[in-house]
Amino acid sequence: MSKQTYRVCFCFRRRFRLAVSEAPEDIKKLFEQYSENGIMTIDGLQRFLVEVQKEDKATREDAQKIIDSVKHFHRKGVNLEAFFKYLFGDINPPLASLGVHHDMSAPLSHYFIYTGHNSYLTGNQLSSECSDVPIINALKRGVRVIELDIWPNSTKDDVDVLHGGTLTTPVELIKCLRSIKEYAFVASEYPVVITLEDHLTPNLQAKVAEMVTQTFGEILFSPGPECFKEFPCPESLKRRIIISTKPPKEYLGAKEVKDKEDDSQRGKASDEEAWGNEVPDLKGSHVANYKNDLDEEDEEDTDDGDKSQHSLAPEYKHLIGILARKPKGGLDAWLRVDPDKVTRLSMSEQKFEKAVVTHGKQIVRFTRRNVLRVYPKSTRFDSSNYNPLIGWMHGVQMVAFNMQGHGRSLWLMHGMFKANGGCGYVKKPDFLLNAEEVFDPKIKLPVKTTLKVTVYMGEGWYYDFHHTHFDAYSPPDFYTRVGIAGVPADSVMKKTKILEDNWLPSWNEVFEFPLTVPELALLRIEVHEYDMSEKDDFGGQTCLPISELRSGIRAVPLYSRKGEKYNSVKLLMRFEFI
């Protein structure tokens, strides 16, 4: 099919020529440079892999595999068409296929951990169904921390999972536990942590202890006293389930009602459009927003320390592998580092954003030994999320996200945990673990490297979308946004020109991104379809950890809003570190 027709009215049709995917001029020039008489030989392709793709260890055998993969009739080399097919193919991804390659023998507190919030909800935070399905989906994606809110059922003789004080319909705890056991290690062998928000009486706690013990059996991690002096390492906890909770207290219903009233006064979270809201800027805006009311004490889930453990069912107490605490006394007490004991602390998004203003360095010190969990504010009724970088750049291990949500913040989360083989644990950069000097993300550091990005072209929309999906009367008008999510000094977004009426846009534009902290940086890529009269349409997205980005010309697959990979849609891009 060489032409495409769009009906404009009953008697008139617009016809557009369908372009054939063709190598950009830069690619043609590179092909000529490494080929002879229109053929790139094994030796020429090997030189290309070493010099352009920066694959220093590429061998003639590697070059031969590429030649074989494109199924070209020239056994001794490739022509331009086959070379272009290789560059745009699935065998040329943007991230290194390194598997799990970080040191996994350090304490758990030395890792960013893929963490879910209210993992049982299927939709919004107020009225959606509770189910084991979103838990299964999260585990299949590689999420390593599952949160369950456990409550007495309506007859007070069993345990349900639901979002308390809302209209969410419950799911039985036992169903969630069985699904966790079945799917925990499908995507990763590294440990799964179940964080329990406990609203149970001691007799129901004993019932939970029995359920957990019988369901998980030998894979349940049984902590010894040394576990509370320093966390064990992920390597030693492979294929283990860890329970994390705090000593429970009687649930304060009146406090919950008060919180909900306060939240309603703050205003509801704005509805996210198809893209999700732009990721909140960290260049100091949260400092201004939260300077007032810094002394407000977040008493939600504060406990009295060891005293309240007397109310625990003893069987239940012995299950806790990561003990959560929040002592009285405010931030200074919460962030005090005990040289003889480690703990997990939880903070709301709002409380954390206030804390980084006044206690930023203390947070970094705390997270060297202890685990900090930050969860979305209660006004995010639509299951949206916050900017995860504010947690990561302060060493927060458990940046808890609504995985059933959508939008740009969640795409960053997916991008971060593509690193380290997608195992759900990413080793924190050394500067967040350095005892000599405390990292301060607000200080602008010297540029370590500059990432040069060339956006050549895109393809695949014609096959993955209906031909009137973007515009009823003409082919789409695509443009690409590309940029960095990282520390405030590095964060930026830029965009290409708009190319009208073209299913195969060829932008050929170059962007440069100076990076002061590349270890925490993610490359953001989005394709939009320009619409003059309405909001621009979604054309695909991805986020890539720069620490594992491969230099050279790469085929970058794009994903849907929900993070599902498209069958055909991808961009051809070049990455150079200069």
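The values are calculated or read from the model by the stated rules, or taken from the named source; none is laboratory data. In this text, all values refer to a predicted model and were calculated from it rather than measured experimentally. Don't worry about glycine lacking a Cβ; one is built from the backbone with ideal geometry, like all the others, and counts go over all protein chains shown. The accessibility values were calculated without ligands, DNA or RNA, using every heavy atom of the protein model including side chains. Shrake-Rupley method; radii C 1.70, N 1.55, O 1.52, S 1.80 Å.
Annotations
Rundown of residues vs (1) open to solvent by less than 50 Å² (accessible area, probe 1.4 Å); (2) in contact with a Leu (Cβ under 6 Å, 6 or more places away or on another chain), yes/no style:
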| site | (1), (2) |
| --- | --- |
| Ala521 | yes, yes |
| Ser533 | no, no |
| Asp536 | yes, no |
| Ile546 | yes, yes |
| Gly552 | yes, no |
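- Unique match (being among the hydrophobic types (A, V, I, L, M, F, W, C), assigned by the TED database to the domain that holds Val569, open to solvent by 10 Å² or more (accessible area, probe 1.4 Å) and more than 27 Å from Lys28 (Cα to Cα)) among Val487, Val517, Val492: Val492
- Residue list for segment 398-425, filter: assigned to a strand (DSSP E or B) and among the hydrophobic types (A, V, I, L, M, F, W, C): Met398, Val399, Ala400, Phe401
- In the set (1) of a type outside the set (Asp, Glu); (2) modelled with pLDDT of 95 or more; (3) open to solvent by less than 10 Å² (accessible area, probe 1.4 Å), the condition left unmet by Lys452 is number (3).
- Residues that are of a type in the set (Phe, Trp, Tyr) and either modelled with pLDDT of 95 or more or over 25 Å from Asp90 (Cβ atoms) (or both) number at least 2 in the following strands (runs of 3 or more DSSP E) confined to segment 489-570: 506-515.
- Hits in segment 167-186 (condition: in contact (Cβ under 8 Å) with a residue 40 or more places away in the chain, more than 14 Å from Leu121 (Cβ to Cβ) and not charged (D, E, K, R)): Ile174, Ser179, Ile180, Tyr183, Ala184, Phe185, Val186
- The one condition in (1) closer than 30 Å to Leu515 by Cα; (2) surrounded by 18 or more Cβ atoms within 10 Å (Cβ to Cβ) that Trp461 fails to fulfil: (1)
- Looking across Thr168, Thr195, one residue alone is under 29 Å from Lys341 (Cβ atoms) and under 26 Å from the mean Cα position of the chain (by Cα). It is Thr195.
- Taking the conditions (1) under 27 Å from Gly123 (Cα atoms); (2) modelled with pLDDT under 90; (3) of a type outside the set (D, E, K, R) in turn, His318 satisfies each one other than (1).
- Subset of segment 157-195 [touching a helix residue (DSSP H, G or I) at 6+ places or on another chain (Cβ under 8 Å) and assigned to a loop (DSSP other than H, G, I, E, B)]: Asp158, Gly164, Gly165, Ala184, Val186, Ala187, Ser188, Tyr190, Pro191
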